[in-house]
Each structure stands twice: as structure tokens, then as C-alpha cells.
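Please treat every number below as a calculation from the coordinates, not as lab data. Just so you know, these numbers come straight off a predicted model, no measurement behind them. Counting neighbours? That spans all protein chains shown, and the Cβs are built from the backbone with ideal geometry, glycine included.
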Amino acid sequence: MASPNTRDDVVGTPGTGGYRRVLAVGEFRVVFVAEVLAVLGQVAAQITLSLTVYERTGSPLLSALAFAASFVPYLIGATLLSAWSDRVPARRLMVVTQLTTALLIACMAPSGTPVPVVLVLLLAMGAIAPLYQGTRAALVADILPADGFALGRSLLRMAAQTAQICGFAFGGVLLAATSPTAALLTGSGLLVLSSLLLWLGLAVRPARRSTPSSGGSPLGESVAGAGRVLRSPSLRPLLAFMWLLPALSVAPEALAAPIASGLGGGPVAVAALLSAAPVGMIVGGLLLGALLTDGQRVRAVVPLGLVTFVPLLGLALRPELPVVVALLAVSGCGYGYALGVDRLLIERVAVQDRGQVLTLVTAGLMILQGLGFAFAGALAEWLPPHTVVVLAAVLGLATTVGAGLRLTPARRRG
């Protein structure tokens, strides 16, 4: 069984050593590899279910629900279960939730499983997902020092994005080479492997909160905690950066197909538009993590937030496809503001509340991004796609400036 790693001097001056030192921590490497395995398994299962449901029903709506249903109950899971993130030891909770997800996927594997049953199982997966993700984020803060937390989160985001892209290809190959049942069982098996790695590779730590903070049940404590987070003056500007900016910046991704069509492009153009921002995010995260100090990344939050949206204004000129792809890639680089926001978040949240707050933050991000997709698609029914993107960019710039004005005084007081 693992023992806690020393966290001294994990991150220091800027340079590639910052990321190297984070990866030098054994427990973080365990979390990193477990995350890659879990994302591969879940994405492979999602694409398998989506295609299988469409083949069985011929319904695009049910196929879309099979892909997105696990995201719908994020709000319920985060609101009602978030207190458990701090009440239960992190290793135990992560392993239990991961194994539960693996079991739910395995229950979908039999070829005769009715579609309504599949959708219910996906809803159950979505309810426990924010609990796992919030607990994992809080564990990273336990494993790494305060100035390493943002770099650790950045590495996990980059790993998840890369694994997600690979997961779609992996799921497609599985379906082509085997059967839907075998593909789903393979996805479930990867989650079991991820759970085993977490169990063997993480140290035993006590729960962050040994007694209820409000003297009530976990359900009541979860609901009360959600209210405290939303009312907190020090957290609201950070929530704007973590929730509203991503919700507005997904407009080009949500409208990739109609934008590509308007430029005379086909599937390759859509793929280029969809991959541009993630590539920019990865490049931006690597550069900002390697070249800036912790304090510089915090000071860059507002400028980078503006970088996320300023390039999108260029779509008003209706440029050609290569220029649009370049603009989206630069926009993706701006998401590096998350490094500074993560640092501020961990400073402003008490240790005993980290799991609950990060569970709510993760769920809010998923929910708001989903709403951003829907809102952009709805507007595009009446307005040209490029106009919708420009409107989202204007709102994003206004949100960045407004939240930044409230963020700066609090940052100086700290």
C-alpha cells in the first residue's frame, strides 16, 4: 500500500520542471493514469451505446440521449451528494464510485437490454460522476502543495481531453472488431482497472471532515453547502470564470457543422473546427505552466479570459476556414486562465470543504456547458452561426471584465 509522498518543493520557479515535479509525485501519477483509463472506458462505452441505440431504434433523439443522458443528472448528484466528498476518505469514495460506474456499464452490455433501462442506468452514472470528480480534484490538493494544485489540475484536463479524443477512436475500433457487448465490457473493465490502480497506489487518508459541518444529514449538508458556495462573495467571481466563460466559449464547437457548411466544407472541416480549441487549450496550458510562475498565472487570469473571446470576434468578418481554425486555436489558448483560477480557488476554500466545493464546481461546469451548447443551437435557428459566435464572444468579454473587476480587489486583500 502506498504511503504519502513528501510534497516539499514540488513546484517552484517557472520552467518545464514545474510539470516534471508534479509528475514526480507518485500518488499524482497514479491519479493521472487512472484518469486516462477511466476516460477511455467511459467514452468508448458512450459511443458504443449511442451507435447501438440508433441501430436498434432508428431514432436520432434516443441516440443523442444515450450519449448525453449521463450528463443530465449532474445537478442532482452534485446538489444532493456533494457532502460525501469530505465525509468519506477519498481513496475509498473514488474506488466505490468508479466500481459502481463499471457495474452500471456492465449491466448495459447484454444485447437485449431495453433502451429505457439503458437510459436509466446512464442517469445513475451521471448522478455519481460529480462525486468522483470533485473528490479526485480535492485529493490532488491533498497530494500536491498549493502552488502545484493548478498544474496538477491542468495536467489532468489535458490528459482527459487527449483520452477523450482517443476514446472515440478506441470505441470505433472496438465496435468494428468485436460486438457492442464486448465493447461495453471492455469499457467496464478499464474502469475496474482504474479502480484497482487507485486502491493500490493511493495512501490511506482520513476524511477531511470528521463531523458534519451543520450537524445535519449528508443530504441536508449537501444542499446547505451548495447555497453557501453560491452566496460566497469570494467565490462568485471565480464561479463566473469557471462556469460562465466556458458556457459562452463553446458556441463555435456547438455550431461547428453549420459553420463548416457555410464555408463550403464537409466532415474534415467539421473535425478541424472541433479540434482547434482543444489543441489550443493543451498548447496554452503547457506553455503557461512551463513559462510563468504561480503568481504570474494568477495575475494573467483576466488577460487570458479576454484572449478566449477576442479572436472569436474575427468571425464577424467571415474569414476562410484556415483562418477560422487559427482563431479558434488562439481562443483555446486563453483557457489557460483556469490555472490562475484554480490557484485562487484552493486559497479561498477551507480544507474540510474542498471536496464539496470542487464537486459543485465540476458539476456546474458540465451543466453550464451543456446549456451553452443548447443556447447556441437555439439562437442559430434564427441567426447566422457566425453571428451567434460573435454575440457569445461579446457576452464573454463583458463577463470577463465584470468578474475581473470583482476578482482583483479580493486578490489584493489576500
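The figures follow:
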| read-out | value |
| --- | --- |
| Residues of region 377-401 with amide N under 19 Å of the 7 Å Cα→Cβ point at R299 | none |
| Highest average packing first - 244-256, 192-204, Cβ atoms within 10 Å | 244-256, 192-204 |
| Dmax and Rg, reported as Rg then Dmax, of region 232-414 (C-alpha, Å) | 16.6, 54 |
| For region 86-214, the spread of Cα positions along each principal axis, largest first, Å | 46, 32, 24 |
| The chain: relative contact order as a whole-number percent, Cα under 8 Å and 6+ apart | 26 |
| Ordering of 34-41, 313-320 by packing [mean C-beta count within 10 Å, highest first] | 34-41, 313-320 |
| Cα-based Rg / Dmax (Å) for region 66-160 | 15.1, 51 |
| Projected-area average for the chain over all orientations - Cα convex hull basis, square nanometres | 19.7 |
